[in-house]
Structures are given as C-alpha cells and as structure tokens.
Amino acid sequence: MVQENKTKIILCDDDPTMRSLLETLLGMEGYNAIPFIESTDDKFINFLITEEPRAVLLDVHLTYSSGIDLLVKIKQEEKLKNLLVLLTSGMDLKKECMEKGADGFLLKPYMPDDLISWLREIIG
C-alpha cells in the first residue's frame, strides 16, 4: 500500500546514478522521491504543476537545459510559487542561484546528511 502522506520531492539530475542514489536515500528518509528524466523546460514545468511536489532538487547543469533558467521559470509560474527549489552543482554558483530565487544550494559532491539536514530544516 502506497503512503500518500509522504512529502513529495522531484529529482532533476541528468546523471542516472545520482538520481538512483538520491531516490534511494530520500526514500529511506521517508520522502517520496520522484525522478524527472530529461525532457524540455515546458514538460518539466507541466510535470511540476501536475505532481504538486513540496520541493525539487535541481541540478544546474542539465544536458537539455540550465537549472538556473528552470529556476526562474518555476518562480514565475503562479502555480509553483510555493515550491521549494534546491539547486546543486559541481561549480560554486550559490550566489547566482540564490539571487535568482533558489531556496538553497548544495555544492557537489555533498554529503547525504547535508541534503537531509536542508530538507528537514526547510520542510520540517
């Protein structure tokens, strides 16, 4: 039986290994982690609107788009205005991400505890 009360988090990273690891980690922590496989910006925005997650873990460097550009589109979408967005990157882009409206930034590689701590702090 699927528990519907788990906090839903969308994972958007073009590395399948990273997606799988994050899905496992978040699942073990009691979150409902749903991976988003590469597509287009519009399909991603529509996916978020349909899924109604509490947060999205978004990589800055995607093969089909820029996570920063997606962040701006998320923040401009009325139906997603309360969505929490955590960006990740191997480059220190924290300042730029936060200026564009990110709720948090993690520099890769990060420790799983750092991600879980952020989720618990911002989501509760």
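The values are calculated or read from the model by the stated rules, or taken from the named source; none is laboratory data. Remember, predicted model here, so these are calculated numbers, not experimental data. Virtual Cβ from ideal backbone geometry, glycine too; neighbours counted across all protein chains shown.
So is Ala33 of a type in the set (A, V, I, L, M, F, W, C), assigned to a strand (DSSP E or B) and within 12 Å of the chain's Cα centre (by Cα) or not? Yes: the conditions hold for Ala33.
Evaluate the following for Leu57: is it buried (at least 22 other Cβ atoms within 10 Å of the Cβ) and not in a strand (DSSP E or B)?
Details: buried (at least 22 other Cβ atoms within 10 Å of the Cβ): yes; not in a strand (DSSP E or B): no.
It is false that Leu57 is buried (at least 22 other Cβ atoms within 10 Å of the Cβ) and not in a strand (DSSP E or B).
Of Leu87, Leu80, Leu107, all but one fail to be at pLDDT 95 or above, surrounded by 13 or more Cβ atoms within 10 Å (Cβ to Cβ) and in contact with a Cys (Cβ under 7 Å, 6 or more places away or on another chain); the exception is Leu87. Can you run down the residue pairs with Cβ atoms below 6 Å, 6 or more apart or on separate chains, where the first is in segment 98-123 and within 23 Å of Val72 (Cβ to Cβ) and the partner is surrounded by fewer than 14 Cβ atoms within 10 Å (Cβ to Cβ) and small (Gly, Ala, Ser)? From segment 98-123, the pairs are Lys108/Gly90. Residues in segment 36-54 that are of a type in the set (Lys, Arg) and in a loop (DSSP other than H, G, I, E, B): Arg54 alone. If you filter segment 60-77 down to residues that are assigned to a loop (DSSP other than H, G, I, E, B) and hydroxyl-bearing (Ser, Thr, Tyr), you find that the one that is modelled with the lowest pLDDT is Tyr64. For Thr40, the criteria (1) within 20 Å of Phe105 (Cα to Cα); (2) touching a Phe, Trp or Tyr at 6+ places or on another chain (Cβ under 9 Å); (3) among the β-branched types (Val, Ile, Thr) hold in every case but one, which is (1).
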